[in-house]
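The values are calculated or read from the model by the stated rules, or taken from the named source; none is laboratory data. Treat the numbers as computed from the prediction; the structure is a model and nothing was measured. Glycine gets a Cβ as well: all are built from the backbone with ideal geometry, and neighbour counts include every protein chain shown.
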Amino acid sequence: MQIDTQSCSEAEIIRRQLDAYNARDIEAFMSHWALDAEVYAWPDTLLASGAEAIRTRHVERFKEPDLFAKLISRVGVGGLVIDREVVTRNFPEGRGTLDVIGIYELDGDKIRRAWFKQGTPVLTG
């Protein structure tokens, strides 16, 4: 059985991006995104187009004191990496969690497009 080493390195890129997200390190986080990257709510609602729009979106998100994405599973095949996460956030109604599926399309060592499908938030405190 052969291991897809390209998918291994792509999964590593997404791991580093998630680590930077959890550290709220905007520079490290953005280093993994292409300048012309796009972020969508699944399946086709554009949330941010271009690195500056993605940066602006995440600078605000990183202000949440309880923000943390717990990785449940990750699989990578042929330029796509799919994460299942449980994300803790600070919603207007209070602290809570939600299930998230993240689908990342890579071009070389950069994220070119990402789609996110979110579950219903569950308030925890």
- Cβ pairs under 6 Å, 6+ apart, first in the stretch 96-111 and under 18 Å from Leu71 (Cα atoms), second in a strand (DSSP E or B) and among the acidic types (Asp, Glu): Val100/Glu85; Gly102/Asp83
- Message: I need the full set of residues from the stretch 76-100 which are within 14 Å of Trp42 (Cα to Cα), touching a Phe, Trp or Tyr at 6+ places or on another chain (Cβ under 9 Å) and either charged (D, E, K, R) or surrounded by fewer than 16 Cβ atoms within 10 Å (Cβ to Cβ) (or both), in order please.
- Response: Asp83
- Task: Tell me, please, whether a residue that is among the small types (Gly, Ala, Ser), at pLDDT 95 or above, over 12 Å from the mean Cα position of the chain (by Cα) and farther than 20 Å from Lys117 by Cβ can be found in the stretch 14-25.
- Result: yes
- Message: Suppose the filter is out of contact with any Ser or Thr (no Cβ under 9 Å at 6 or more places or on another chain), buried (at least 16 other Cβ atoms within 10 Å of the Cβ) and assigned to a strand (DSSP E or B); does Tyr40 pass it?
- Response: yes
- Message: Just to verify a result, which residue in the stretch 101-125, among those that are of a type in the set (S, T, N, Q) and either out of contact with any Phe, Trp or Tyr (no Cβ under 9 Å at 6 or more places or on another chain) or not in a strand (DSSP E or B) (or both), is surrounded by the most Cβ atoms within 10 Å (Cβ to Cβ)?
- Response: Thr124
- Could you list, in sequence order, the residues of the stretch 48-75 that are surrounded by 14 or more Cβ atoms within 10 Å (Cβ to Cβ), of a type in the set (A, V, I, L, M), touching a residue at least 12 places away in the same chain (Cβ under 8 Å) and part of a strand (DSSP E or B)? Ala69, Leu71
- Query: Is it true that Glu10 is touching a strand residue (DSSP E or B) at 6+ places or on another chain (Cβ under 6 Å) and either within 15 Å of Lys110 (Cβ to Cβ) or at pLDDT below 95 (or both)?
  - Reply: yes
